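A.B. asks: Attaching a single structure in structure tokens format; questions to follow.
The values are calculated or read from the model by the stated rules, or taken from the named source; none is laboratory data. Worth saying up front: this structure is predicted, and the values here are computed from it rather than measured. Because the Cβ atoms are built from the backbone with ideal geometry, glycine has one as well, and the counts that use them run over all protein chains shown.
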Amino acid sequence: MKPDYVRIFDTSLRDGEQAPGASMTSAEKLEVARALARLGVDVIEAGFPAASPDDLAAVQSIAAEVGQEPVAGRPQTEPPIICGLARCTRSDIEAAWIGVKGSKHPRIHTFLATSDIHLQHKLRMSRAEMTARAVEMVTFARSRCTDIEFSPEDAGRSDPKFLYQVLEAVIKAGATTLNIPDTVGYTMPDEFGALIGGIIKHTPGAKDVIISVHCHDDLGLAVANSLAGLRAGARQAEVTINGIGERAGNASLEEVVMAIRTRGEKIGLRTGIDATQLCRASKLISRSTNYPVPPNKAIVGTNAFAHESGIHQDGMIKNALTYEIMRPEDVGATQTMLVLGKHSGRSAFSKRLTELGYPLEGDALLKAFNEFKKLADRKKAVHDADLVALASDERSPAPEFWTLEHLLVVCGTTDQPTANVRLRDPDGQTHSHAAVGTGPVDATYKAIDAIVRLPVTLLEFGISGVTGGIDALAEATVRVRHEDQRSSHGHGADTDIVVASAKAYLASLNHVLSRTSSGHVQHPQRTSAPTEVSP
């Protein structure tokens, strides 16, 4: 590896998924892993195999597919390293090895805290006991795998001299990457840069391994700290798409990568990332985790390349460099809005989807095109964001156990909101039910509950306009929790916000049914009602 090359270690599927409510299904994780490979990340931390059988199975499937051969469009000729996280226990390390061993380049990542705060109050270990445990478990991991990463948790608040001793010991035990985490986002950039520089200077053997940085954003400094660590000599950055993760999140992959690329003359480093895939990967993670991207999010937010001020617009017309330090196409964004309408044909529709990074073929294209035609009949113009919403439904559809056949809602200022719903069951039979509620969406959900009879609790409900205007396509997201305590989310899009809400709720129920294979159990009363919204 050349001295100016920075490995990008993506932990969206592990640390990112630990964000509250951000859990993903195995199928969603595999789709994200494919996208990360196309993006060009060097290491994919696919999960925490010891956490659950489902997480282990997800890591195994990623290792077997994404970790074996380079996916189409990947910048590198080798598949990414597939990594599994493990605590410093034999059972965790064994589970991690079982998870990743099917990949061409497997890695085990194990960790143990080194700060006195963690040693005294969490681990209840002495420094000597911690060092001995770390050495023992790194040695055990090395007996399974040649690529071992070790993280001294809460390194940012650890005694540097003790840190040097621990890191020297695990290098001798076989660690090949030393990851230095600012676990609680406590350090300042100058402090973190000095910490990395001190490790490289004072730890015997540190110059023979990869030094990595893993920074959290509790003070909004994750990206700044990561860059400070890289400039001090670290050559791996642990990041997540959109900065998702525990508490305030992790350093954002797209921000770290574009800072290195845009300020190359200042930083003097490079990565292997195909930056034109950044916006696409951002949308996929947002959709898979049900975590919306703020409009003002750097690099991938909808306003990142938007200009409303007259002064800014005047400057942009004269020369885009006046207010844009990178081109939108550099990160896969677009300034162009292709307007499609009801007279457009399938060829134009398919071509635009491909240009937007959502190619569809066969039945998926036909279904999306039919929905596009229905939408075009109700709208004067169909915009790019509408097309992405339609294509996304077909690229990652919810399993269809129950489908919406008919929905009629009556509501207003005088009558109690009433919904009449007709659904088609997995056997092709139709079932109808009418219900009243606090609003049209609540009435609709109660009617669906009465038919499907699935024991879930509604945790989250949200709806937003995909595009502007009174005829905007509405996008609804729903998250429910089944009696098995696992959560599932669903998505639905329609110009009618109640129909979009019904589609999203059914999608979440269908995801639950895809796990339980049961659709006829008694449904308890829902514990919360969706908030009613207007277009």
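A.B. asks: Can you work out which of the residues in the stretch 32-55 that are in a helix (DSSP H, G or I) and modelled with pLDDT under 95 is farthest from the chain's Cα centre (by Cα)?
C.D. replies: Per the criteria, the residue is PRO53.
A.B. asks: Separate question: Within the stretch 191-219, work out how many residues are surrounded by fewer than 23 Cβ atoms within 10 Å (Cβ to Cβ) and out of contact with any helix residue (DSSP H, G or I) (no Cβ under 7 Å at 6 or more places or on another chain).
C.D. replies: Looking only at that region, the number is 8.
A.B. asks: Could you grab me the full set of residues in the stretch 68-89 that are at negative phi and in contact with a helix residue (DSSP H, G or I) (Cβ under 6 Å, 6 or more places away or on another chain)?
C.D. replies: Residues satisfying the conditions are VAL71, ARG74, PRO80, ILE82, GLY84, ALA86, CYS88.
A.B. asks: Additional query: List every residue pair whose Cβ atoms lie under 7 Å apart, where the two residues are 6 or more positions apart in sequence or sit on different chains, the first residue falls within the stretch 73-91 and is within 26 Å of ARG133 (Cα to Cα) and in contact (Cβ under 8 Å) with a residue 40 or more places away in the chain, and the second residue, located anywhere, is of a type in the set (A, V, I, L, M, F, W, C) and part of a loop (DSSP other than H, G, I, E, B).
C.D. replies: Qualifying pairs under 7 Å: LEU85/PHE48.
A.B. asks: Can we say GLU149 is outside any strand (DSSP E or B) and acidic (Asp, Glu)?
C.D. replies: no
A.B. asks: Quick one: is GLY73 of a type outside the set (Ser, Thr, Tyr), out of contact with any Cys (no Cβ under 9 Å at 6 or more places or on another chain), assigned to a loop (DSSP other than H, G, I, E, B) and under 15 Å from THR289 (Cβ atoms)?
C.D. replies: Judged against the criteria, GLY73 is not a match.
Yes or no, residue by residue, for (1) at pLDDT 75 or above; (2) assigned by TED's automatic domain parsing to the domain that holds LEU278; (3) exposed (fewer than 14 other Cβ atoms within 10 Å of the Cβ); (4) within 26 Å of ARG263 (Cα to Cα):
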| residue | (1), (2), (3), (4) |
| --- | --- |
| ILE317 | no, no, yes, yes |
| GLU324 | yes, no, no, yes |
| PRO328 | yes, no, no, yes |
| SER344 | no, no, no, no |
| ALA348 | no, no, yes, no |
| ARG352 | yes, no, no, no |
| LEU356 | yes, no, no, no |
| LEU360 | yes, no, no, no |
| LEU365 | yes, no, no, no |
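A.B. asks: Let me ask something else. Just the residues that are in a helix (DSSP H, G or I) and either surrounded by 24 or more Cβ atoms within 10 Å (Cβ to Cβ) or not assigned by TED's automatic domain parsing to the domain that holds THR177 (or both), please, taken from the stretch 6-28.
C.D. replies: GLY16, GLU17
A.B. asks: Could you check how many residues of the stretch 475-495 are among the acidic types (Asp, Glu) and closer than 19 Å to LYS367 by Cα?
C.D. replies: The qualifying residues number 2.
A.B. asks: Pick out, from the stretch 171-282, the helices (runs of 4 or more DSSP H) lying fully within it that include 3 or more residues that are within 22 Å of CYS83 (Cβ to Cβ).
C.D. replies: Where helices (runs of 4 or more DSSP H) fall fully within the stretch 171-282 and carry at least 3 residues being within 22 Å of CYS83 (Cβ to Cβ), they are 222-231, 253-262.
A.B. asks: Name the residue, out of GLY47, GLY84, GLY67, that is farther than 20 Å from MET137 by Cβ, surrounded by 21 or more Cβ atoms within 10 Å (Cβ to Cβ) and either not assigned by TED's automatic domain parsing to the domain that holds ARG231 or not hydroxyl-bearing (Ser, Thr, Tyr) (or both).
C.D. replies: None of the others qualify; the one that does is GLY67.
A.B. asks: Before we move on, is ILE273 among the hydrophobic types (A, V, I, L, M, F, W, C) and farther than 25 Å from GLU78 by Cα?
C.D. replies: no
A.B. asks: Could you tell me which numbered condition HIS520 fails, if it satisfies all but one of (1) of a type outside the set (Lys, Arg); (2) modelled with pLDDT of 90 or more; (3) more than 32 Å from the chain's Cα centre (by Cα)?
C.D. replies: Condition not satisfied by HIS520: (2).
A.B. asks: Further, regarding this structure: Of the numbered conditions (1) β-branched (Val, Ile, Thr); (2) in a helix (DSSP H, G or I); (3) surrounded by 24 or more Cβ atoms within 10 Å (Cβ to Cβ), THR131 fails exactly one; give the number of that condition.
C.D. replies: (3)
A.B. asks: Separate question: Which pairs do you get when a residue that is modelled with pLDDT of 95 or more, found in the stretch 103-131, comes within reach of a residue that is surrounded by fewer than 23 Cβ atoms within 10 Å (Cβ to Cβ) and of a type in the set (Phe, Trp, Tyr), reach meaning Cβ atoms under 8 angstrom, with the pair 6+ apart or on two chains?
C.D. replies: Pairs found: PRO106/TRP97; ILE108/TRP97; THR114/PHE162; ARG127/PHE162.
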